[in-house]
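Below: one structure, written as structure tokens.
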């Protein structure tokens, strides 16, 4: 069924949608992180990647994978960075069902006692936005060895933070998630369309079109989805107006989509 409107909606960028794609880079990243969070030593973990490459999706995937495995560890996922250490400690204590009142030092001692003896994972997304005081507080928490912390950051800003002496000298591990290869772009698009009952639409994506999409997006997962959404919007518009020459992806449509997303100059 060639429902281009439905195909466009399928690629709306929504974090709550379970559209994880097991690309080589993503699978290596996921398996490496799963291995690291099972190590006895609670090292400070960093997940780095370019904006839009799939870091937030990876954190959701980790949480879902642990749940599906029946892993009983407590997972605390902060989808936005914190800027108040006291509020952060209250968030950790609330997640563990503990008393949240007291001074920062009292809350810290309570959290260390609890989390130090329980398997858990604390994930902080967009951690490159943390201010200096919050970063220093996380360093202090990491030094207690009681907390298993995973900080997701944009690659450039993350590398700058990791180059600072008080992080560089601490025991930590860095895992980087990369972009999709050209073949993976086609596999992802056709696979998702097929799973939604839109296999006929997926069959219109020939290798030449897929290579062009990869070139325009540089394999960035979010940009691939955004370009697909715009492409199928254009094709639905053409279908509604009887423009048969745009019944399948072509160089003109792909260029228009790239211009609309400002991937290239118009």
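In whole percent, what relative contact order does the chain give with Cα contacts below 8 Å and a gap of six or more residues?
For the chain, the relative contact order is 29 percent.
Rounded to the nearest 500, what is the chain's calculated 222 nm mean residue ellipticity when only DSSP H runs of at least 4 contribute -39500 (n - 2.57) each, over all residues?
The helix-only estimate for the chain comes to -16000 deg cm²/dmol at 222 nm.
Let me check against my output: what whole-number percent is the relative contact order of the stretch 10-127, with C-alpha pairs under 8 Å and at least 6 apart?
Over the stretch 10-127, the number comes to 28 percent.
Helix 104-115 versus the longest principal axis of the chain: what angle, 0 to 90°, nearest 10, using Cα atoms?
70 degrees
Please state the relative contact order of the stretch 143-228 as a whole percent: Cα pairs under 8 Å, 6+ residues apart?
26 percent
What full-extension length gain, to one decimal in nm, is calculated for residue 74 and residue 140 as 0.36 nm per residue of separation minus the Cα-Cα distance?
The span from residue 74 to residue 140 would gain 21.7 nm if fully extended.
Can you give me the C-alpha center-to-center distance between the stretch 109-136 and the stretch 227-241, rounded to a whole angstrom?
Each part reduced to its Cα centre gives a spacing of 45 Å.
With only alpha-carbon atoms counted, please give the Rg and Dmax of the stretch 159-248, in Å.
Radius of gyration, then largest Cα-Cα span, for the stretch 159-248: 19.0, 64 Å.
How many nm separate the modelled label positions at residue 129 and residue 43, each set 7 Å beyond the Cα in the direction of the Cβ?
Taking the two extended label points, one gets 2.8 nm.
At a temperature of 37 °C and a viscosity of 0.692 mPa s, determine how fast the stretch 1-102 diffuses translationally according to Stokes-Einstein, using the Kirkwood radius over alpha-carbon pairs as Rh; express D in µm²/s, rounded to the nearest whole number.
200 µm²/s
Principal axes first, then extents: for the Cα atoms of the chain, list largest minus smallest coordinate on each axis, whole Å, largest first.
Answer, in whole Å and largest first: 69, 37, 30 Å.
Note the full-extension length gain between residue 241 and residue 218 as 0.36 nm times their separation in residues minus their Cα-Cα distance, in nm to one decimal.
5.1 nm
Across the stretch 24-176, what fraction of all alpha-carbon pairs, as a whole percent, falls in each successive 10 Å bin from zero upward?
Histogram of Cα-Cα distances, whole percents per bin: 10, 43, 37, 9, 0.
How far is helix 251-260 tilted, in degrees, relative to the longest principal axis of the Cα atoms in the chain, given as a value from 0 to 90 rounded to the nearest 10?
40 degrees
Quick note: the coordinates plus some simple rules give every number you see, no bench work behind them. Note that the structure is a prediction, hence the values are computed from the model and not measured. Please note: Cβ atoms are built from the backbone with ideal geometry, for glycine as well, and neighbour counts cover all protein chains shown.
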